[in-house]
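Bear in mind these aren't lab numbers, they're just calculated from the coordinates by the rules spelled out. Being a predicted model, the structure only gives us computed values, none of them experimental. So basically every Cβ, Gly included, is an ideal-geometry build from the backbone, and we count neighbours across all protein chains shown.
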Amino acid sequence: MHIILHNTKDANLVQYYDCIYYTNETSYLGEGEGTVPVKYCQQPSKMVKLDRSNDTCLNNSTKLFYFQLSELSITPNDLLKWPSSSVEHVDEYASYLRNKADNNYLCNCTIPGTFGKFCENKFYYDATTFDEAVKEQFGQIRANRYGNQLHNNRPCYSTLGTTCNSGLMCLDWRDICDGTQQCMDGVDEDFCHLLEFNECDENEYRCSNGMCLPDEYWLDGT
């Protein structure tokens, strides 16, 4: 499976970036209903300004400008197979081939298992593909129910502060009072009877942060 990144462009405020949409043989809605990709993104604990204009290629990767790719007869479809490829890069390179403008560059990841816009990321467990890394991680979950999320720093549900000992597994709002104990001491399921659970009306849309918006604001371009 090739890594194709989405949401890589710099922006004033972003909630997530560098997303991978993952599907496998079990990602089906049902017969004739297609697949449901799982979105894996870099997701800070709060919205941040994404400005990576000064970044350079990392992990011994090489920088190739679009004119060099063109001289090597690299096509946009070829770029989709590169670990540093992104939808935005491919569109931009296709535009360059048409107009010979915006001579940007792309990082060529040379170390197996590295990926990202600047080859800055590396798969866990020395995996060389995203599919292999996902399967290995879920294998660890089956083998060791507790402490299986010891994977560096992750954005956490900040209300719990440092009281949630979950083996460095970080939670979002959907993990709180969901009937499943994620924190080893169960603090994520404490005092749930005191919470006010908001229910969205039929004419409202529930955002990923739990807020309810009137349907008239859904996909209104703002």
Under 5 Å, built H, 5+ apart or other chain: amide partners of Gln181: none
Inter-label distance for Leu80 and Thr23, nm, one decimal - labels placed 7 Å from Cα along Cα-to-Cβ: 1.2 nm
Using a Förster distance of 30 Å, the FRET efficiency for Leu72-Lys9 (Cβ separation, nearest 0.05): 0.75
Whole-number D in µm² s⁻¹ for region 5-140, Kirkwood Cα-pair radius fed into Stokes-Einstein, 10 °C, 1.306 mPa s: 97 µm²/s
Set of lysines near Lys135 by C-alpha distance (under 26 Å), chain-local residues within fewer than 8 positions excluded: Lys39, Lys81, Lys117, Lys122
Linear extension gain, Asp126 paired with Cys41, 0.36 nm per residue minus alpha-carbon span: 28.6 nm
Projected label distance in nm at Gln181 and Val48, using a 7 Å step from Cα toward the beta-carbon: 3.3 nm
Karplus (6.51, -1.76, 1.60) ³J(HN,Hα), θ = phi - 60°, over region 111-128, in Hz, Gly and Pro reported as x: 8, x, x, 8, 7, x, 4, 10, 6, 7, 9, 9, 5, 5, 6, 6, 5, 9
Relative packing of peptides 130-136, 117-123 - highest average C-beta neighbours within 10 Å first: 117-123, 130-136
